[in-house]
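> Sharing a structure here in structure tokens format.
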Amino acid sequence: MTDHNAIRVLLADDHPVVREGLCAMLESAEGVTVVGQAGSGEEAVTLAGRLTPDIVLLDLRMGGMDGVDATGHILRASPRSKVVIVTTYESDADILRAVEAGAAGYLLKGSSRMELINAVQAAARGETVLTPSLATKLFRARAVDTPPLSDREIEVLRLVSQGLTNAEIGRKLFIGEATVKTHLLRAYRKLDVSDRTAAVITALERGLLS
């Protein structure tokens, strides 16, 4: 990869030493170049609009505008940029807020050089980046945020997990087959899945069918 088509990165962190460390790690990678550094969320938004970087590595907690608010402003100022949050914080709420704001990823500052570089490259390809230890936290946070299944929807899914067809479920619950299908479709939407197998697996993972 030549310098002309290198991945262009903007760093935003209110600690100069952290920015210098991230810059050194990224600049050591072939095909990655740091085009700017910001010491605040407001400065990151301004630079993103002017530089239109491919990737913005953004600290979550900064004085003034925090990383979540900055994410939304950056994506409006530079729609083609991808924002990856890099932080020491890993609470469920922080992760969910960042992802919902449009961040393409969430990394801890303790990530290794290769993890950082791989994350930048993955985000540039349009992939979602998440430190492995945070995946469970994001899943749990999203599960809490998901509308709860009704008792009837859980009952239908439990019978699906036992291998019953819609017609068999209808007879067992004394409801019409069309009603069974309606309950399933509502459960699919709430679980963000598209078929019976995925619905059962997701419900089991969330402890809904225990």
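What follows draws every value from the coordinates through simple rules; no lab data is involved. The structure displayed is predicted, hence computed values, not measured ones. Neighbour counts run over all protein chains shown; Cβ positions are idealised from the backbone, glycine included.
For (1) without any contact (Cβ under 8 Å) to a residue 24 or more places away in the chain; (2) in a helix (DSSP H, G or I), each residue gets a yes or a no:
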{"residue": "Ala98", "(1), (2)": "no, yes"}
{"residue": "Ala103", "(1), (2)": "no, no"}
{"residue": "Gly110", "(1), (2)": "yes, no"}
{"residue": "Glu115", "(1), (2)": "yes, yes"}
{"residue": "Val120", "(1), (2)": "no, yes"}
{"residue": "Ala123", "(1), (2)": "no, yes"}
{"residue": "Gly126", "(1), (2)": "no, no"}
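> Further question on the same structure: For residues in the range 149-182 being outside any helix (DSSP H, G or I), out of contact with any Leu (no Cβ under 8 Å at 6 or more places or on another chain) and hydrophobic (A, V, I, L, M, F, W, C), which is nearest to Leu204 (Cα to Cα)? Working first, answer last.
Looking only at the range 149-182, we keep the residues that are outside any helix (DSSP H, G or I), and these are 149-150, 162-165, 174-176.
Among the residues that remain, those that are also out of contact with any Leu (no Cβ under 8 Å at 6 or more places or on another chain) are: 150, 162-165, 174-176.
Those left that are additionally hydrophobic (A, V, I, L, M, F, W, C): 164, 174-175.
Details: Leu164: 17, Phe174: 25, Ile175: 24 Å.
Going through the qualifying residues, I end up with Leu164.
> Of all residues in the range 183-210, which are more than 18 Å from Asp151 (Cβ to Cβ) and part of a helix (DSSP H, G or I)?
So the first thing to find is which residues in the range 183-210 are more than 18 Å from Asp151 (Cβ to Cβ), and the list is 192-198, 201, 205.
Matches in the range 183-210: Arg196, Thr197, Ala198, Ile201, Glu205.
> Among the candidates Val35, Val18, Val56, single out the residue that is of a type in the set (Val, Ile, Thr), out of contact with any helix residue (DSSP H, G or I) (no Cβ under 6 Å at 6 or more places or on another chain) and closer than 23 Å to Ser112 by Cα. Don't jump to the end; show me each part of the working.
Working: Val35 fails: out of contact with any helix residue (DSSP H, G or I) (no Cβ under 6 Å at 6 or more places or on another chain); Val56 fails: out of contact with any helix residue (DSSP H, G or I) (no Cβ under 6 Å at 6 or more places or on another chain).
So the residue among Val35, Val18, Val56 that is of a type in the set (Val, Ile, Thr), out of contact with any helix residue (DSSP H, G or I) (no Cβ under 6 Å at 6 or more places or on another chain) and closer than 23 Å to Ser112 by Cα is Val18.
> Could I ask something else about it? Could you tell me which of the residues Ala70, Ala24 is aliphatic (A, V, I, L, M), touching a residue at least 12 places away in the same chain (Cβ under 8 Å) and either crowded, with 19+ Cβ neighbours inside 10 Å or within 21 Å of Ala122 (Cβ to Cβ) (or both)? Give the steps one after another, and end with the answer.
Details: Ala24 fails: touching a residue at least 12 places away in the same chain (Cβ under 8 Å).
Of Ala70, Ala24, the one residue that is aliphatic (A, V, I, L, M), touching a residue at least 12 places away in the same chain (Cβ under 8 Å) and either crowded, with 19+ Cβ neighbours inside 10 Å or within 21 Å of Ala122 (Cβ to Cβ) (or both) is Ala70.
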